[in-house]
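Taking it in order: structure first as structure tokens, then the write-up.
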Amino acid sequence: MVLKIFFPQCCNRADSGLLVGRWISGHDSAVVLAVIHYPFIPGQVKQYVQKMQAQSGVELSVLGSWSLPKEGQEGMESFLRDLSTIFPQERWLQIRRQMGKTGFTCEILKQGPNGRIAERKEKKKQEEADGGDGEEEDEEKVIFVHYEQRKVMLSQLHPIQSGDRDPKTDPPSELRQMFQTVARSQPLFFLDRYDDGPLKSTHWQSEGREASIIVELLKQASVPLCMLIGWLLSIWTWVCNIRIFSLYPLRFLSSKLSTCVQLSYRTEHMRTISSLKPATDHTQFMRKANILVSFLVDVALGVLLMSWLYRDNHITMLANTLVPVADHVSKELEELLQWLMGAPAGLKMNRALDQVLGRFFLYHIHLWISYIHLMSPFIEGILWYGGLSACFGLTFALSLLSDMVALLTFHIYCFYVYGARLYCLKIYGLSSLWRLFRGKKWNVLRQRVDSCSYDLDQLFIGTLLFTILLFLLPTTALYYLVFTLLRLVVVLFQGVLHLSVDFINSFPLFAVALRVCRSYRLAEGVKFRVLCDEPGSALHLMMEINPLKGSAAVQTYRTPTYSCYPKDSWGALVKKLFVGELIYPWRHKTTKTD
Amino acid sequence: MGPDGAPGPAVPWRKVLWECQPFPDNYVDQRFLEELRRNEGIRQYRYWAVVKEAGFVAQQLSCVAVFITLWLYMEQGLLSPEMLLGTSLVSALLGYGLHQVLTSQVETCTEPRTHLADLQSATIFLSFTFGFSPVLKTLTESVSTDTVYAMSAVMLLAHLVSFPYAKPSPPGSLSLNAALFASVCLASRLPGALHTFAMLSCALLVFALWPCLLQRLRDNAPNQFTAVCVGVCVGGVGGLGSQSPGGAVLLALALGSVTLLCPLLLVRLQRHKDNIQGPWDEAEIHEDLSHFLH
């Protein structure tokens, strides 16, 4: 049986006194949190420990005694040993250290069923010793694990387990319990040496409580700021919930425009940040911090964009290039259609159908160009006011750009839909009529192909239609191919914009910065370094925190937003293209609130 | 150990495997292969009966030849579409009358098909074909002539191969569709929309309605059926001969071999048949399952 004692490094040189800490249930270990110095009154110590237990919720108790005898303090040991009668425990630890020696010695007094059974175990540890040559009956070994108290207190062990656990699952591991103990014992660490109370203790903060003026000022300022943001949000929510906005066309439109979607997500984020309750656990705190930091970075980038945009007449330049670009695009499209109406790439097109389709699309392009020319005086104004939206963040500017691209290429989308529907109809017709050609039919109930005896007129008309569809297939397929390619280019561009918006929204910048600067706060585990190991003597280990890997930090703390990812695999996409189904390759997940 | 081995013990060998017998598993006694049956169920063909049946196949071949002849005439402008339409209409009416005459009383009761339904079908055919003929005409404009001929030849061959010679009355899907596909390909090469319409009506007549009439003839008047077959064959050879003598010679050869040579081979080669059946064959179900389907 091995007894592990977690000993804080700050107490290595503490004056003699009592050890306060916690026995970890279910494992053979104890965590030492502080040392209360001599002189003390035992009754006051008991009171203090009970008060701390009530404040922190940790099962604190007096673990044992610690003696580091200085000059003029002989007789301390026997006094401390007698204290074991005052504080009744199952096990009483007596840890001793000599000045000048680096080793600890530990005695464990157990209270068995027959009264007191003292087991004397002496373990000497010396740095230069040449191996322990004492013979001990090692029925119980002691391992001292030294830890840095401040770092462990601030650290969070990953994977994070939620607070209320099902009692049926396994109890938390020893390490996790130890981290939780230190983290929750914060009230214990408020007693520093400048306090005028009856007790003096040693822990990591006993030299004086740390505080930062900036952090305190921010904490004071954040309360009215949160209230202001909350009030603004309530007005905004009231405006959004006006009934006129709940009409179907507006609601459908607002769910499709990415600007509105981005606006709703930012509103959610603001609501999370501006809640007046402080964060209850680590996850919430990280979520709030990440949202705040990414919002600030977003706004900073947006302001940068604005400062570039409104300088040197950039807006006028942009507006003046937009109409010629649109003209150029439409001219290219017209040339493309003329080429298709001829004999493109030597393919055999049906001339009549070719002319019909080509003229239809040419007329659409003509309509679109007229629309652009109609809008051209207003473009500069639209760009100017649109650029103002970048003050809300770069994500808004990008969403607005994506929406404008969607509106400007609406005709390509229309062409694609026409071409795809025609092609899809043709493919379905052909496959069904091919089955008729062979004398078979699709059984919808059994989802398979069965034989069927058709009537004469069905056969006749079916064969005629099959022939017509077959010979018109190259024409339709070519138009479909051309417009699908154009549509895919537009979709790709929009996808890039959406991906970058999503990246800015969800990347946990605060967590990554924490991982880089204060890596002990995000712990994946611990590693142990041997301080001294001699056969036959106690083991002293130094526990160091193993920080979380960067990729795991990003994975754990990603803000869930409408992550934009491709809906189909490559194979499914190609199959859809082949059959003629309409593609909406980017799927937007609705946000999940956890 | 085989039948020539040492005489076995007193217990006779039985051909069962569930008993533990003192013989090895692959032992057979002298009754081996007694249950072998050779050429059971073989049919004795008589030459002239087979020739008569083969006449039907020859008739169908000649039908295709007649159709191609008509198309050749239309393409060269020797036959005007109006004349073809008129002739088709008249023949259709005559055929319909003959069909009604030949239908016996029993058959009309089991499957009553009124004249109105027939008229409706005919109207659908004609209107559909007439409406689509301008579209059909432009279908193969951009396809090269060789491709069109090749496609039509393949399709007509498929039609001949998959034709339901045993019971042509509900026309087989693949054969009819292949023939119609070939006729659309050929018809779209003609100079005008009316030509296309006429050609398609003729194709419908020849490939869809003519076999129904033949079926009736075969059922009710077998002697006349044979005469009709011979007549069609002669007509096919003659018609093709007026356009291309080489084609006529080829057709005559093909008809001769199908009608006379192939039955001879069939009858002669029967004596080389050597089927064996025995108790080792898979079980066959000889019930008529059609009464489960109704």
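The values are calculated or read from the model by the stated rules, or taken from the named source; none is laboratory data. Only a predicted model underlies this, so the values are computations on that prediction, with no experimental measurement involved. Note: ideal-geometry Cβ built from the backbone for every residue, glycine included; neighbour counts use all protein chains shown.
Points to keep in mind about this one:
Residue-by-condition table, conditions (1) within 11 Å of another protein chain (Cβ to nearest Cβ); (2) in contact with a Leu (Cβ under 8 Å, 6 or more places away or on another chain); (3) without any contact (Cβ under 8 Å) to a residue 12 or more places away in the chain; (4) among the aliphatic types (A, V, I, L, M):
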{"residue": "A:D327", "(1), (2), (3), (4)": "no, no, no, no"}
{"residue": "A:L336", "(1), (2), (3), (4)": "no, no, no, yes"}
{"residue": "A:G342", "(1), (2), (3), (4)": "no, no, yes, no"}
{"residue": "A:R351", "(1), (2), (3), (4)": "yes, no, yes, no"}
{"residue": "A:Y363", "(1), (2), (3), (4)": "no, no, yes, no"}
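- Matching residues, region B:245-278, being touching a residue at least 60 places away in the same chain (Cβ under 8 Å), more than 14 Å from B:W48 (Cα to Cα) and surrounded by fewer than 17 Cβ atoms within 10 Å (Cβ to Cβ): B:A254, B:Q270, B:K273, B:D274, B:N275, B:I276, B:Q277, B:G278
- Residue selected from region A:451-486 under the condition more than 13 Å from chain B (Cβ to nearest Cβ) and not aromatic (F, W, Y), by the criterion nearest to B:F125 (Cα to Cα): A:T476
- Taking helices (runs of 4 or more DSSP H) as the structural unit, those lying wholly within region B:70-189 and holding at least 2 residues that are within 12 Å of chain A (Cβ to nearest Cβ), hydrophobic (A, V, I, L, M, F, W, C) and in contact with a Ser or Thr (Cβ under 6 Å, 6 or more places away or on another chain) correspond to B:173-187.
- Selected residue (criterion: surrounded by the most Cβ atoms within 10 Å (Cβ to Cβ)) from residues of region B:196-244 that are part of a helix (DSSP H, G or I) and of a type in the set (S, T, Y): B:T196
- Hey, A:V142 within 30 Å of A:T556 (Cβ to Cβ), at pLDDT 70 or above, surrounded by 13 or more Cβ atoms within 10 Å (Cβ to Cβ) and of a type outside the set (K, R) or not: no
- Being of a type in the set (A, V, I, L, M, F, W, C), within 9 Å of chain B (Cβ to nearest Cβ) and buried (at least 17 other Cβ atoms within 10 Å of the Cβ) is a property that A:L497 lacks.
- Residues located in region B:175-195, provided they are surrounded by fewer than 19 Cβ atoms within 10 Å (Cβ to Cβ) and out of contact with any Leu (no Cβ under 9 Å at 6 or more places or on another chain): B:P191, B:G192
- Summed over region A:416-450, the residues that are within 20 Å of B:G172 (Cα to Cα), more than 14 Å from chain B (Cβ to nearest Cβ) and in contact with a Lys or Arg (Cβ under 7 Å, 6 or more places away or on another chain) give a count of 1.
- Sole residue being at pLDDT 85 or above and either within 14 Å of chain B (Cβ to nearest Cβ) or within 30 Å of A:S294 (Cβ to Cβ) (or both), chosen from A:A397, A:A390: A:A397
- Within the option set A:I365, A:I315, being at pLDDT below 85 and either surrounded by 14 or more Cβ atoms within 10 Å (Cβ to Cβ) or assigned to a helix (DSSP H, G or I) (or both) holds for one residue only, A:I315.
- For region B:35-52, taking the residues that are assigned to a helix (DSSP H, G or I) and in contact (Cβ under 8 Å) with a residue 60 or more places away in the chain, the one that is surrounded by the most Cβ atoms within 10 Å (Cβ to Cβ) is identified as B:V51.
- A:S78 vs. criteria within 13 Å of A:L18 (Cα to Cα) and either at pLDDT 60 or above or touching a helix residue (DSSP H, G or I) at 6+ places or on another chain (Cβ under 6 Å) (or both): no
- Count - residues of region A:331-357 that are closer than 30 Å to A:W384 by Cα and surrounded by fewer than 17 Cβ atoms within 10 Å (Cβ to Cβ): 2
Matching residues to (1) under 17 Å from A:L175 (Cα atoms); (2) surrounded by 17 or more Cβ atoms within 10 Å (Cβ to Cβ):
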{"position": "A:C11", "(1), (2)": "no, yes"}
{"position": "A:L19", "(1), (2)": "no, yes"}
{"position": "A:S25", "(1), (2)": "yes, no"}
{"position": "A:L33", "(1), (2)": "yes, yes"}
{"position": "A:I41", "(1), (2)": "no, no"}
{"position": "A:K46", "(1), (2)": "no, no"}
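- A:L309 being out of contact with any Asp or Glu (no Cβ under 8 Å at 6 or more places or on another chain) and either within 14 Å of another protein chain (Cβ to nearest Cβ) or touching a residue at least 40 places away in the same chain (Cβ under 8 Å) (or both): yes
- Count of region A:375-414 residues which are more than 35 Å from the chain's Cα centre (by Cα) and of a type in the set (D, E, K, R): 1
- Spans of strands (runs of 3 or more DSSP E) in region A:1-112 with at least 3 residues without any contact (Cβ under 8 Å) to a residue 40 or more places away in the chain: A:91-97, A:104-112
- Highlighted here are the helices (runs of 4 or more DSSP H) found entirely within region A:449-560 that include at least 1 residues which are without any contact (Cβ under 8 Å) to a residue 24 or more places away in the chain and under 30 Å from A:Y423 (Cα atoms): A:456-506.
- The condition of being surrounded by 14 or more Cβ atoms within 10 Å (Cβ to Cβ) and closer than 30 Å to A:S16 by Cβ holds for only one of A:D298, A:D192, A:D196, that being A:D192.
- Here B:L102 clears all of (1) buried (at least 16 other Cβ atoms within 10 Å of the Cβ); (2) modelled with pLDDT of 85 or more except the condition numbered (2).
- Output for region A:368-410, where each listed residue is among the polar types (S, T, N, Q) and part of a helix (DSSP H, G or I): A:S370, A:S376, A:S389, A:T395, A:S399, A:S402
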